[in-house]
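**Q** Before anything else, here's the structure in question.
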Amino acid sequence: MFFHIVLERNMQLHPRHFGRNLREHLVSKLMKDVEGTCSGRHGFVVAITGVDSIGKGLIRDGTGFVTFPVKYQCVVFRPFKGEILEAVVTMVNKMGFFAEAGPVQIFVSNHLIPDDMEFQSGDMPNYTTSDGSVKIQKDSEVRLKIIGTRVDATEIFCIGTIKDDFLGVINDPTAV
Amino acid sequence: MSLLTDSPVHSSSSDDFAAFLDAELNSNSSASSPVEEDGDDEDESNDEEAEDDNELEGKSVKRCKVEMSANIHEHGSTSHTTLEHKIGKDKSLKIDICTHPGSFGDMCILCGQRLEEESGVTFGYIHKGLRLANDEIVRLRNTDMKNLLRHKKLYLVLDLDHTLLNSTLLAHLTPEEEEYLKSQTDSLQDGSRVNLFKLDFIHMMTKLRPFVHTFLKEASEMFDMYIYTMGDRPYALEMARLLDPNKEYFHAKVISRDDGTQRHQKGLDVVLGQESAVLILDDTENAWTKHKDNLILMERYHYFKSSCRQFGYNCKSLLELGKDENEPGGALASVLKALKQVHSMFFDELGGDLAGRDVRQVLKVVRKEVLKGCKIVFSRVFPTRYQAADHHLWKMAEQLGATCNTELDPSVTHVISTDVGTEKSRWAVKEKKFLVNPQWIEAVNFLWRKLPEENYPVKPTKEE
């Protein structure tokens, strides 16, 4: 799920940036530091949409660096247990398949793939129904349900299932 | 419930409905005997006659009945909810007793629960953070086995260094080697024609063994192939890229040192294949102490001088000699032939149940064909007072199908000797038997065929 929230961060800035462009430097450093990172609480920071306020800088003893408390708005992405997500399959093997939804890595075990879908090995491994009408392979798009999440400093892992109503392939790359 | 509140307002219709319900209930409960149905009909006609008392009585009776039915209904629903409760409990129980067949990023792959302790075997080579428990591995192996046998395939685990290729650090190249290689690689832009690659970013020079591309192509039709190397992960992946640029063979099947479960040992526990269907190609026997029966030992491929030195050989490397293994007669071609033989025997010649077959037995049989009919006597090969039958050459000869003997007799075909001066050697010359040096048997073991004996003469010792 996406959220638009306000976060706060203490930014350290090198004295060479002090000048009339200080604000720009601060914002670009903020983007560089924060965008694309994860936090266990908020999830993956997709983009910074605005800077609300920059507090008073505090000069650090000895270094000359200045610390600014910065409040900023950002879009974050965090998967939740029970959430339905759409993801792109990255790897299919006999244990199940791996999929990605942006920064989130999802594993769907073959226990959680409908029983009528069977693994087919080969140079393009896939899960296929017995009549061949539905096929999950690399680059397929699937709709899945998250049953477990773990957010690391840089990555988000999820366990998913497609063994439920209205879940499974939503497009077929071979059909295009 | 709504029935009851409605009844005073539209009494007649509700009564009708109640009657209908009664009829339904009766017919449901008492197997719809015609007599009772008749009685019900009479009741209905009574209702319609509209005698007050009767009606009241009838109503009260109906009410009772409706209430009863409501009760029944309620009861039913409550029982239903209790059932649901039960199912819910079962579910929670199920989650509690989930066997956690494996984990991904420390979460169970089945129930999504966070797992505290790490258990099972890591499969980092398939995907980061993936672990599987032993039961799950067994289950996967079984299902995969069926799948594979249907495609008439077996597993093949390949070693990299000295088996499929030879690598050296750039720093270990001698100046002459560098000179020569420069002339080689400069003349051909990317080195792919001579199978020589300079990998600057890992400071390595790699030479692929001749015939390796054909080998992989043909082997891939018979085997599901894995790479298993003692090198580290980036090196293994880089080599896999050289061997398999289109990622046809080794997709997510590259196992490196970091993935093994034991130090300095290779094990089939991280290979998702049943041991009875796995063949291994490696140049180091000691790495596979637990799986010797699956192993096909390869002759080491030494292209660079540093690799010879590494093993303490004083011989000249292929590069120094300015030549290479020849393609059709080289080690890989010979082994491919043996693999084909094993494969066809496994699928076509063996009778009985496919799942019950064991490739290790087949390998033994094929190996036994190589020197079938040979009777070998060793002379001055084993140290004195050494149990001859324990020597590795003796065992090797027996595995290759030869019979070994300690004493001479007319049926002996080969005398393996290190010295022409021994009694047995002289006997061999006199009786026109083959007299070969011990390298012959080793070469036969590597190349899977009886080699011309003349190429392995016993040289006279210096004193003579």
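The values are calculated or read from the model by the stated rules, or taken from the named source; none is laboratory data. All figures in this text were calculated on a predicted structure; none of them were measured in a lab. Here Cβ is always computed from backbone atoms with ideal geometry, including for glycine, and neighbour counts include all displayed protein chains.
**Q** Is it the case that segment A:91-112 has a residue that's within 14 Å of chain B (Cβ to nearest Cβ) and loosely packed, with under 13 Cβ neighbours inside 10 Å?
**A** Within segment A:91-112 (the criterion being within 14 Å of chain B (Cβ to nearest Cβ) and loosely packed, with under 13 Cβ neighbours inside 10 Å), the answer is no, since none of the residues qualifies.
**Q** Sort through A:Thr128, A:Thr154 and tell me the only one that's surrounded by fewer than 17 Cβ atoms within 10 Å (Cβ to Cβ), in contact (Cβ under 8 Å) with a residue 24 or more places away in the chain, more than 10 Å from chain B (Cβ to nearest Cβ) and among the β-branched types (Val, Ile, Thr).
**A** None of the others qualify; the one that does is A:Thr154.
**Q** Moving on. In segment B:122-148, which residue that is touching a residue at least 40 places away in the same chain (Cβ under 8 Å) and away from chain A (no Cβ under 12 Å) is nearest to B:Gln274 (Cα to Cα)?
**A** Of everything passing the filter in segment B:122-148, B:Thr122 is nearest to B:Gln274 (Cα to Cα).
**Q** For segment B:228-243, how many residues meet the condition of being of a type in the set (Asp, Glu) and in contact with a strand residue (DSSP E or B) (Cβ under 9 Å, 6 or more places away or on another chain)?
**A** Selection size over segment B:228-243: 1.
**Q** While we're here: Just one of A:Arg23, A:Arg41 is outside any strand (DSSP E or B), loosely packed, with under 15 Cβ neighbours inside 10 Å and at pLDDT below 90; which is it?
**A** Of the residues listed, the single one that is outside any strand (DSSP E or B), loosely packed, with under 15 Cβ neighbours inside 10 Å and at pLDDT below 90 is A:Arg41.
**Q** From the list A:Pro79, A:Pro69, which residue is modelled with pLDDT of 90 or more, out of contact with any helix residue (DSSP H, G or I) (no Cβ under 8 Å at 6 or more places or on another chain), surrounded by 12 or more Cβ atoms within 10 Å (Cβ to Cβ) and not in a loop (DSSP other than H, G, I, E, B)?
**A** Answer to the check: A:Pro69.
**Q** Mind counting the residues in segment A:132-151 that are more than 9 Å from chain B (Cβ to nearest Cβ) and either of a type in the set (Val, Ile, Thr) or touching a helix residue (DSSP H, G or I) at 6+ places or on another chain (Cβ under 6 Å) (or both)?
**A** Total meeting the criteria: 4.
**Q** Could you list, in sequence order, all residues of segment B:199-244 that are surrounded by fewer than 15 Cβ atoms within 10 Å (Cβ to Cβ), within 14 Å of chain A (Cβ to nearest Cβ) and either assigned to a loop (DSSP other than H, G, I, E, B) or touching a Phe, Trp or Tyr at 6+ places or on another chain (Cβ under 6 Å) (or both)?
**A** B:Glu221
**Q** Hey, does segment A:166-176 have a residue that's modelled with pLDDT of 90 or more, within 13 Å of chain B (Cβ to nearest Cβ) and either in contact with a strand residue (DSSP E or B) (Cβ under 9 Å, 6 or more places away or on another chain) or part of a strand (DSSP E or B) (or both)?
**A** No, segment A:166-176 contains no residue that is modelled with pLDDT of 90 or more, within 13 Å of chain B (Cβ to nearest Cβ) and either in contact with a strand residue (DSSP E or B) (Cβ under 9 Å, 6 or more places away or on another chain) or part of a strand (DSSP E or B) (or both).
**Q** For residues in segment A:93-123 being in a strand (DSSP E or B) and β-branched (Val, Ile, Thr), which is nearest to the chain's Cα centre (by Cα)?
**A** Here the answer is A:Val104.
**Q** With the requirement that a residue be among the basic types (Lys, Arg) and in contact (Cβ under 8 Å) with a residue 24 or more places away in the chain, what does segment B:399-443 give you?
**A** B:Lys424, the sole residue that qualifies.
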